[in-house]
Amino acid sequence: MNFMGRLMGRRAALRALSGLTATLSSAPALLAPQRAWAGATSAAPVLVGLDGEFGHASSTSAEAIKQGLLIALEEINGAGGVLGGRSIRLIERANHAVPARSVANLNEFAAMDDLVAVFCGRFSPTVLEVLPLIATRKLPLLDPWAAADAIVDNGQRPNYVFRLSLRDSWAAPAMLGHLGRRGVTRAGLMMLNTSWGRGTKLAAERALVNRRKQSIVGTQWINWDDSEESMAAKYQALVDAGAEGIVLTANAEEAAVLLKHMLRLPKDRRVPVASHWGVTGGDLPKLVGAGFLDLDLAVVQTYSFLGDNSSIAKRVVTAHQRLFGSRGPRDIASPVGVAHAYDLAHVLARAVDLAGTTARPTVRDALERTGAFQGLVRRYAPAFTAARHEALDEGNVIMCRYAADGALEPIRRA
């Protein structure tokens, strides 16, 4: 079966598992110590929401986040649930990457009794739109993907947003650093014309303040509906300005338009591309097609199942194979979505137990003091504090390349 066929099979399996609260098959290291091991009882479940870009063309990110949540919730519920035996139940809503739809979904979630938090999806503009609502409804928002700095740096006190993911201000230096190792001293920026792209541009400019050997020759703004002709003109404008490499902030659909154009060029007119991770939220190799691996393309990531031989990674991969039909770690689409959501669900469960209630302000406060524990992505000591609502840091950022089977392989640095 080809990659797209396997992906469709996994999506079908995922839809059938919307209410998963299956029994735990092995003892998880992540669970809070006070949680019983007898399995969750029939008491009313604690609810968590997922507002994701389900149904967005070629996207795999919302599905990956859901997969990570369901794997974690299976463990948590099999180990006794939270609050003395209550299971955690996931409720999803699709926003189709439309901010107004996300606002409607968050209002619906806020009206639900015993719903303690909402997980968001990949698109930063959609998340930024709901921040005022999150504050007024006192609804904790857990971010396993969207990278705009302003999502967490929102100026709200108390801050109801907690992120276990990348920040644009970490991604930009990583992309420029990769290009520097490829010998690129003059970089061009191709930025999606959204708050995400504008934030990445600002982060790239700040990253070069202390890098005298690199410079930015120009910025081209790209749009969701850019034609290949338009994308070609923007690419050529940067090359004509002296760009030896491109920093790209785009989703898979826009990136595919650019990369297909580059494949039509002679090899000596193709420059290296370092891309933000939005491209990994869809099936980029499939969208680009033949010749994709001939391109010099690297993408930002924060975690890879490849090479992780920890017991937690093995357990998550095994559960993913059983629940969603993957064939192993190389076959997990949008792996950071799975990994981040998995760890973030365990952080939330610890916070709910610590809070001793489903009252959202109390759960919010507890998220800042969940204590140290070993997660899949890293050891958290702790995940969040009152002064820090970012669970990861720049040390978690890596660059990856696509392999022939579609897997993202970390680039090993000398």
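The values are calculated or read from the model by the stated rules, or taken from the named source; none is laboratory data. Everything numeric here is computed off the predicted structure, so don't read it as measured data. Quick reminder, even Gly has a Cβ in these numbers, built from the backbone with ideal geometry, and neighbours come from all protein chains shown.
Residue count for region 294-304, restricted to those that are farther than 23 Å from Arg167 by Cβ, in contact with a strand residue (DSSP E or B) (Cβ under 7 Å, 6 or more places away or on another chain) and outside any loop (DSSP other than H, G, I, E, B): 0.
Exactly one residue out of Val103, Val130 is surrounded by fewer than 19 Cβ atoms within 10 Å (Cβ to Cβ) and either under 30 Å from Ala187 (Cβ atoms) or in contact with a Leu (Cβ under 8 Å, 6 or more places away or on another chain) (or both): that is Val103. Name every residue in region 399-414 that is surrounded by fewer than 19 Cβ atoms within 10 Å (Cβ to Cβ) and in contact with a strand residue (DSSP E or B) (Cβ under 8 Å, 6 or more places away or on another chain), in order of residue number. Matches in region 399-414: Arg401, Ala403, Glu409, Pro410, Ile411. None of Glu228, Glu244 is surrounded by fewer than 22 Cβ atoms within 10 Å (Cβ to Cβ) and in contact (Cβ under 8 Å) with a residue 60 or more places away in the chain except Glu244. Just one of the listed residues (Phe292, Phe324) is more than 22 Å from the chain's Cα centre (by Cα) and of a type in the set (A, V, I, L, M, F, W, C), and it is Phe292. With respect to the stated conditions, Gly199 fails to be without any contact (Cβ under 8 Å) to a residue 24 or more places away in the chain and within 30 Å of Ala386 (Cα to Cα). If you check Asp296 against the conditions, is it outside the structural domain of Ile71 (by TED's automatic domain parsing), in contact (Cβ under 8 Å) with a residue 40 or more places away in the chain and more than 19 Å from Ser61 (Cβ to Cβ)? Yes. A search for C-beta distances below 8 Å between a residue of region 370-392 that is polar (S, T, N, Q) and any residue that is assigned to a strand (DSSP E or B), counting only pairs 6+ apart in sequence or on different chains, returns Thr370/Tyr380; Gln374/Tyr380.
Could you say which residue among Ile65, Ile76, Ile71, Ile91 is touching a helix residue (DSSP H, G or I) at 6+ places or on another chain (Cβ under 9 Å) and surrounded by fewer than 24 Cβ atoms within 10 Å (Cβ to Cβ)? Within the list Ile65, Ile76, Ile71, Ile91, the selection yields Ile91. For region 106-125, taking the residues that are part of a helix (DSSP H, G or I) and at pLDDT 95 or above, the one that is surrounded by the most Cβ atoms within 10 Å (Cβ to Cβ) is identified as Leu106.
Confirm whether Lys213 is modelled with pLDDT under 95, over 26 Å from Glu53 (Cα atoms) and not polar (S, T, N, Q). Spelling it out, Lys213 is indeed modelled with pLDDT under 95, over 26 Å from Glu53 (Cα atoms) and not polar (S, T, N, Q).
Working only within region 214-238, note down all residues that are aliphatic (A, V, I, L, M) and assigned to a helix (DSSP H, G or I). Met231, Ala232, Ala233, Ala237, Leu238, listed by residue number.
For region 129-138, the tally of residues that are in contact with a helix residue (DSSP H, G or I) (Cβ under 6 Å, 6 or more places away or on another chain) and part of a helix (DSSP H, G or I) stands at 4. A Cβ distance below 7 Å, combined with a sequence gap of six or more or placement on separate chains, defines the contacts here; from region 255-269, residues that are polar (S, T, N, Q) reach no residue that is surrounded by 14 or more Cβ atoms within 10 Å (Cβ to Cβ) and outside any helix (DSSP H, G or I). Checked across region 73-83, the condition of being assigned to a helix (DSSP H, G or I) and closer than 30 Å to Ala57 by Cα holds for at least one residue. In region 60-70 there is at least one residue matching the filter, namely being within 20 Å of Gln321 (Cβ to Cβ), modelled with pLDDT of 95 or more and over 13 Å from the mean Cα position of the chain (by Cα).
Within region 263-293, the only residue that satisfies the criterion of being part of a strand (DSSP E or B) and farther than 20 Å from Ala237 by Cβ is Gly282.
If I filter region 156-178 for residues that are closer than 19 Å to Ala100 by Cβ, in a helix (DSSP H, G or I) and within 14 Å of the chain's Cα centre (by Cα), do I get at least one hit? Looking for residues that are closer than 19 Å to Ala100 by Cβ, in a helix (DSSP H, G or I) and within 14 Å of the chain's Cα centre (by Cα), one finds none in region 156-178, hence no. Selection within region 391-411: residues that are among the charged types (D, E, K, R) and part of a strand (DSSP E or B). The member of this set that is farthest from Leu376 (Cα to Cα) is Arg401.
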